[in-house]
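Coordinate-derived values only; no laboratory data. Please read these numbers as outputs of a predicted model, since none were measured by experiment. Cβ: placed from backbone, ideal geometry, glycine included. Neighbour counts: every protein chain shown.
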Amino acid sequence: MDSLLFSPYMLKEVVLKNRIVMSPMCMYSADSQGMANTFHQVHYASRAAGQVGLVMLEATAVTPEGRISSKDLGIWDDAHIEGLQTLTRLIREYGAKSAIQLAHAGRKATVDTPAVAPSAIPYDGMKTPLALATHEIKDIVAAFQAAAVRARKAAFDVIEIHGAHGYLINEFLSPLSNQRTDEYGGSAENRYRFLREIITAVQEVWTGPIMVRISATDYYPGGLTPDDYVEFAKWMKEQGVDVIDCSSGALVPASIDVYPGYQVPFSNQIKHEAQIATGAVGLITSGLQAEEILRNEQADLIFIGRELLRNPYFPRTAANELGFELSEPKQYERAPGTIKHK
Ligand code: FNR
């Protein structure tokens with residue numbers, strides 16, 4: 001059968017050879033300066049060789065204080081460019097496009113510096129963050145912009161802004177974590193202002209595709225819902241964001257009913273109600289499941305996380321399931337049938 005999963009997808013000038021995106025996943029393997037090393041080279045190049053269309057790097061910190069852990073990758077200094085450039089070169093060499101997820105952990109940062117957030121409200125049991133002053137907010141917006149310049153120099157094809165999982169941008173968006181009374185808090189427009197400024201700042205220095213990962217619901221009374229995100233997604237569309245990557249949760253502890261494709265309904269709603277391209281993620285583990293989501297127009301791209309940790313060749317497995325022929329890497333051509341087992 002024809003496969004939508006294995007059909008190309010255009011993101012501005014960037015052509016993805018298929019709809020499979022490696023979901024960003026922290027590997028906690030950088031050194032204390034945020035430098036990439038041979039682990040990252042092998043890890044990301046393997047998924048490119050495995051025929052993922054877009055290999056997205058893990059959450060990469062735009063400031064040292066904004067790291068989730070002291071082993072996060074960093075992009076806060078020009079010294080990071082060379083190591084990241086090696087990663088984009090390897091990913092390209094093995095046939096994929098590359099993306100980087102730009103992140104600031106906000107109140108969920110666990111490095112030794114004080115954590116910062118829109119308001120001095122801690123995440124469950126963690127240290128109380130300092131509420132950011134206006135000039136500090138501007139500094140972080142500038143850090144996202146400087147990171148985008150470095151991402152360009154390191155030759156990434158796509159930037160994803162991490163607006164999900166209870167990290168800094170998500171903390172600004174949700175009234176549960178943002179109780180500011182200035183222009184960055186209160187109304188939805190004001191809570192969106194930080195993300196709006198980051199998108200604009202990135203666009204000043206980056207003409208390539210931009211994705212934003214969101215947590216489409218806080219799963220919590222008084223928190224944000226998918227309807228709120230339809231509104232935010234419309235604003236992102238107006239700003240020229242290319243894809244909304246629809247994850248959920250992790251702003252506050254909450255019980256989540258997890259099942260195969262559990263976040264697909266968020267992608268479906270945002271895609272149709274905000275009329276913007278979306279990515280679906282979360283317990284998508286087979287080619288048939290991915291194909292079904294695309295055929296039912298519930299998403300434009302399929303993000304695969306843990307299944308790609310278990311199986312770097314997931315796209316080959318999915319292609320076999322769908323009866324779609326992927327070309328062999330030339331190194332394997334003398335052993336026909338090794339990869340395709342039809
Ligand atoms: C993640 N996830 C994640 N998400 C994100 O936006 N940035 C990140 O750096 C990470 N880090 C991370 C590390 C590890 C080890 C896991 C397992 C997950 C979430 C991930 O991208 C994905 O959304 C979820 O894992 C759900 O998709 P799967 O794994 O069910 O396909």
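Quick rundown of the values:
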{"quantity": "Helix-derived mean residue ellipticity, 222 nm - over the chain, DSSP H n ≥ 4, -39500 (n - 2.57), to 500", "calculated": "-10500 deg cm²/dmol"}
{"quantity": "With Cα atoms, 0 to 90° folded angle of helix 188-205 axis to the chain main axis", "calculated": "60"}
{"quantity": "Positive-end extreme of charge dipole, the chain - chosen from Tyr9, Ala254, Asn37 (charges on Cβ)", "calculated": "Asn37"}
{"quantity": "Unit charges on C-beta of K, R, D, E only; dipole of the stretch 96-227, Debye", "calculated": "320"}
{"quantity": "Filtered GluC sites (Glu not before Pro), the stretch 1-77: DSSP coil and at most 14 other beta carbons within 10 Å", "calculated": "Glu13"}
{"quantity": "Where trypsin sites (Lys or Arg not before Pro) fall in DSSP loop in the stretch 58-113, at most 15 other Cβ within 10 Å", "calculated": "Lys71"}
{"quantity": "Charge dipole (debye, nearest 20) of the chain; +1 at Cβ of Lys and Arg, -1 at Cβ of Asp and Glu", "calculated": "800"}
{"quantity": "For Asp245, distant residues with modelled amide H under 5 Å away", "calculated": "Val212, Arg213, Ile214, Gly279"}
{"quantity": "Between 0 and 90°, nearest 10: helix 38-49 axis offset from the chain longest Cα axis", "calculated": "50"}
{"quantity": "Sequence-separation-based contact order of the chain, relative, with Cα cut under 8 Å and 6+ spacing, percent", "calculated": "16"}
{"quantity": "Amide H contacts of Leu57 (H built 1.01 Å from N, under 5 Å, at least 5 apart or other chain)", "calculated": "Ala99, Ile100, Gln101"}
{"quantity": "Options Tyr332, Ala164, His272, ranked by Cα towards positive dipole end of the chain, top entry (Cβ charges)", "calculated": "Tyr332"}
{"quantity": "Entries of Lys127/Lys237; Lys97/Lys237; Lys17/Lys234; Lys127/Lys271; Lys12/Lys127; Lys108/Lys237 with Cα pairs more than 30 Å apart", "calculated": "Lys127/Lys237; Lys127/Lys271; Lys12/Lys127"}
{"quantity": "Farthest toward positive dipole pole in the stretch 9-332 [+1 Lys/Arg, -1 Asp/Glu at C-beta], among Tyr220, Gly282, Gly50", "calculated": "Gly50"}
{"quantity": "Val205 paired with Gln331, simple spin-label distance in nm, labels 7 Å along Cα-to-beta-carbon", "calculated": "3.5"}
{"quantity": "C-alpha center-to-center spacing [the stretch 3-59, the stretch 257-328] in angstrom", "calculated": "15"}
{"quantity": "Separation of alpha-carbon centers, the stretch 129-207 and the stretch 88-113, rounded to whole Å", "calculated": "16"}
{"quantity": "Total formal charge among the other residues, if their Cβ is under 10 angstrom from that of Gly185, Lys/Arg +1 and Asp/Glu -1", "calculated": "+1"}
{"quantity": "Local electrostatic count, Phe39, Cβ distance below 11 Å [Lys/Arg +1, Asp/Glu -1]", "calculated": "0"}
{"quantity": "Sum of side-chain charges, Ser3 neighbourhood, beta-carbon under 11 Å (Lys, Arg +1; Asp, Glu -1)", "calculated": "-2"}
{"quantity": "Label-point separation, Ser70 to Asp257 (7 Å along Cα→Cβ), nm", "calculated": "4.2"}
